[in-house]
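Down below is the structure, laid out as structure tokens.
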Amino acid sequence: MILLDGKSLAQEMQESIATEVQQLSTHGIIPSLAVILVGNDPASQTYVNMKARACKQVGITSILHEMPKNITQQDLITMIENLNQNDKLDGILVQLPLPKHIDTYEILESVCPQKDVDGFHTQNSGKLFSGVKGFVPATPLGIMTLLKHYNIELQGKNVCIIGASNIVGKPLGALMLNKNATISICHIHTQNIQFYTKNADIICVAVGKPNLITKDMVKEGAIIIDIGITRLESGKIVGDVDFAHVAPICSYITPVPGGVGPMTIVSLLRNTLESTKNRLNR
Ligand code: GUN
């Protein structure tokens, strides 16, 4: 069994991003990202802080806009439209989930697609589904980068993705399909998930339920990508896989923490730098 060490790869990538950012800064160009956080959900605050810290480490300017949870749809859109107009700003990220009274789709559609470093605008998700270059959501992009780094081939593989969100499951499925894998996307209404996992060469799980994937659900030699993050009462961070029993029968597996999480963060940095370079070429 080989651990897919996202932490080390993300560190390496951060160093090369920092070098590029440094080179740009000698020309007076500073990549910059606006992060919008609505309300005070503790998990979202943690993620936003992690993103801000990573930006700082590589020299990307990040500006956090903390908005009250009762902000109106229109005020949020007006704010995003102002950020769209700001020529010095390369990326705009709206942290999800948004409060229930907000129409998330409409908010994400109001972000200028050229600054949509999260890849959630339909112009970018449409490109992804058409196999055309655009911004790709950070978690799926990080997973693809990790698999590529370990020379894991996707063509002809059976992939089971558990979790059909717009943020992870659906875009990950599209990316892997574009690499000629055969994809099953399971979700809460799927009957007999084990039927799919047992047949899978690669299992990607993004549910947020500790020990959802047990040894009896996994084929010997499978590759496991664990995208779940749960903080137990003890404070320990765990994924969705019963790691102690599943890891020994896998060929490769991501640890939690230290697998997909760091790759997500570094992918956001990469997208932001990409956006800066696009701006310079426009
Ligand atoms: N909430 C959970 N994951 C993400 C993400 O990748 N981006 C944003 N903006 N919100 C999230």
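Nonpolar atom fraction for the chain, defined as the carbon and sulfur part of the 1.4 Å probe accessible area, stands at 52 percent. Structural descriptor for the chain: relative contact order 22 percent, calculated from alpha carbon pairs under 8 angstrom and at least 6 residues apart.
Rounded to the nearest 10 degrees, the angle from helix 260-281 to the longest Cα principal axis of the chain is 40 degrees.
The angle between the Cα long axis of helix 138-149 and the main principal axis of the chain comes to about 60°, on a 0 to 90 degree scale. Treating each Cα of the chain as one equal point scatterer and applying the Debye formula with no solvent, the log10 of I(q)/I(0) at q = 0.11 Å⁻¹ comes out as -0.64. Charging the Cβ of each Asp and Glu at -1 and of each Lys and Arg at +1, and nothing else, the dipole of the range 89-199 about its Cα centre rounds to 440 debye. Label separation (Q194 vs E233): 2.8 nm, computed from points 7 Å beyond Cα along the C-beta direction. For the chain, the mean residue ellipticity at 222 nm estimated from helices alone is -13000 deg cm²/dmol, where every DSSP H run of n ≥ 4 contributes -39500 (n - 2.57) and the total is divided by all residues, rounded to the nearest 500.
A Förster radius of 45 Å, combined with the Cβ-Cβ distance separating E66 from N211, puts the computed FRET efficiency at roughly 0.80. The charge dipole of the range 129-282, taken about its Cα centre with unit charges on the Cβ of Lys, Arg, Asp and Glu (plus for the first two, minus for the last two), comes to roughly 620 debye. Relative to the longest principal axis of the Cα atoms of the chain, helix 42-58 runs at roughly 70 degrees.
Solvent-accessible surface of the range 1-80, averaged per residue with a 1.4 angstrom probe and all protein chains in place: 55 square angstrom.
Looking at the range 105-185, the accessible area is 43 square angstrom per residue; that uses a 1.4 Å probe and ignores ligands, DNA and RNA.
Computed extension gain for K7 through T104, at 0.36 nm per residue and net of the alpha carbon distance, reaches 31.8 nm. When the square roots of the Cα gyration tensor eigenvalues are ordered a ≥ b ≥ c, the ratio a/c for the range 154-195 is 1.5 or more and a/b does not exceed b/c, which makes its shape oblate.
Each peptide in 207-217, 73-83, 261-271 gets a packing score, the mean of other Cβ atoms within 10 Å over its residues, and the list from highest to lowest is 261-271, 207-217, 73-83. Over 25 Å between Cα atoms, which of K69/K127; K133/K219; K170/K209; K133/K277 qualify? From the list (K69/K127; K133/K219; K170/K209; K133/K277), the Cα-Cα distance tops 25 Å for K69/K127; K133/K219. Among the trypsin sites (Lys or Arg not before Pro) within the range 1-87, those in coil by DSSP and having at most 15 neighbouring Cβ atoms inside 10 Å are K69.
The values are calculated or read from the model by the stated rules, or taken from the named source; none is laboratory data. Please read all numbers here as calculations on a predicted model, not as lab measurements. For neighbour counting, all protein chains shown are included, and Cβ atoms are generated from backbone atoms with ideal geometry for every residue, glycine included. We work out accessible area using only protein heavy atoms, side chains counted, and drop any ligands, DNA or RNA first. Shrake-Rupley method; radii C 1.70, N 1.55, O 1.52, S 1.80 Å.
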